[in-house]
1. Regarding LEU73, is this residue modelled with pLDDT of 95 or more, of a type outside the set (Val, Ile, Thr) and assigned to a loop (DSSP other than H, G, I, E, B)?
2. List, please: which pairs have Cβ atoms under 7 Å, are six or more places apart or on different chains, and start with a residue in region 49-65 that is closer than 13 Å to SER90 by Cβ and end with one that is aromatic (Phe, Trp, Tyr) and open to solvent by 20 Å² or more (accessible area, probe 1.4 Å)?
3. For LYS113, are the conditions met, namely being open to solvent by 90 Å² or more (accessible area, probe 1.4 Å), assigned to a loop (DSSP other than H, G, I, E, B) and at pLDDT 95 or above?
4. What is the residue count in region 5-23 for residues that are in contact with a Phe, Trp or Tyr (Cβ under 8 Å, 6 or more places away or on another chain) and buried (at least 20 other Cβ atoms within 10 Å of the Cβ)?
5. Out of region 27-48, which residues are touching a residue at least 24 places away in the same chain (Cβ under 8 Å), open to solvent by 30 Å² or more (accessible area, probe 1.4 Å) and outside any loop (DSSP other than H, G, I, E, B)?
6. Among what's in region 49-60 and is in a loop (DSSP other than H, G, I, E, B) and among the hydrophobic types (A, V, I, L, M, F, W, C), pick the residue that is least open to solvent (accessible area, probe 1.4 Å).
7. Scan (1) among the basic types (Lys, Arg); (2) within 13 Å of the chain's Cα centre (by Cα); (3) closer than 15 Å to SER104 by Cβ; (4) open to solvent by 20 Å² or more (accessible area, probe 1.4 Å) for the single condition ARG82 breaks and write down its number.
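The values are calculated or read from the model by the stated rules, or taken from the named source; none is laboratory data. Here the structure is a predicted model, which means the values were calculated and not measured. So basically every Cβ, Gly included, is an ideal-geometry build from the backbone, and we count neighbours across all protein chains shown. Surface accessibility is based on the protein's heavy atoms, side chains included, excluding ligands, DNA and RNA. Shrake-Rupley method; radii C 1.70, N 1.55, O 1.52, S 1.80 Å.
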Amino acid sequence: RVTFTFINKDGSKTVVSEPVGTNVLEAAHDNDVDLEGACECSCACSTCHVHVQQKYFDMLPEPTDEENDMLDLAFDLKENSRLGCQIKLSKELEGMEVSIPSASRNMSVDGYKPPRH
């Protein structure tokens with residue numbers, strides 16, 4: 001298992017522990033963390049955009065062209081931005097902090113949050 005921390009939109013912290021191989025978006029949903037994920041991990045939106053603590057960001061594989069295209073649409077894009085659905089947990093990410101931006105851009109309906117499946 002990998003234990004890491006979400007820094008929520010309001011600044012509060014949620015510590016979670018998930019199996020290796022789980023992605024950050026799935027970990028958020030499993031732990032009732034408010035991270036949207038409108039496209040259900042298909043790398044077709046930017047609603048699971050997060051900021052990754054730099055030390056851990058540098059450990060991640062390079063983003064794919066598809067991820068970079070979606071990040072270009074993200075609200076509050078930073079150098080350490082990634083899509084939560086594309087970050088797979090590994091033992092090296094133990095202790096990571098992931099910040100959730102204060103808003104996201106959902107291209108379907110502003111403010112709409114799709115139901116979890």
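1. Details: modelled with pLDDT of 95 or more: no; of a type outside the set (Val, Ile, Thr): yes; assigned to a loop (DSSP other than H, G, I, E, B): yes.
No: the conditions fail for LEU73.
2. Close Cβ pairs satisfying both conditions: none exist.
3. Details: open to solvent by 90 Å² or more (accessible area, probe 1.4 Å): yes; assigned to a loop (DSSP other than H, G, I, E, B): yes; at pLDDT 95 or above: no.
Judged against the criteria, LYS113 is not a match.
4. The qualifying residues number 1.
5. If the condition is that a residue be touching a residue at least 24 places away in the same chain (Cβ under 8 Å), open to solvent by 30 Å² or more (accessible area, probe 1.4 Å) and outside any loop (DSSP other than H, G, I, E, B), then HIS29 is the only one that fits.
6. So the first thing to find is which residues in region 49-60 are in a loop (DSSP other than H, G, I, E, B), and the list is 53, 58-60.
Narrowing the set further to residues that are among the hydrophobic types (A, V, I, L, M, F, W, C) leaves 59-60.
Working: MET59: 95, LEU60: 23 Å².
Among those that are in a loop (DSSP other than H, G, I, E, B) and among the hydrophobic types (A, V, I, L, M, F, W, C), it is LEU60.
7. ARG82 satisfies all of (1) among the basic types (Lys, Arg); (2) within 13 Å of the chain's Cα centre (by Cα); (3) closer than 15 Å to SER104 by Cβ; (4) open to solvent by 20 Å² or more (accessible area, probe 1.4 Å) except (4).
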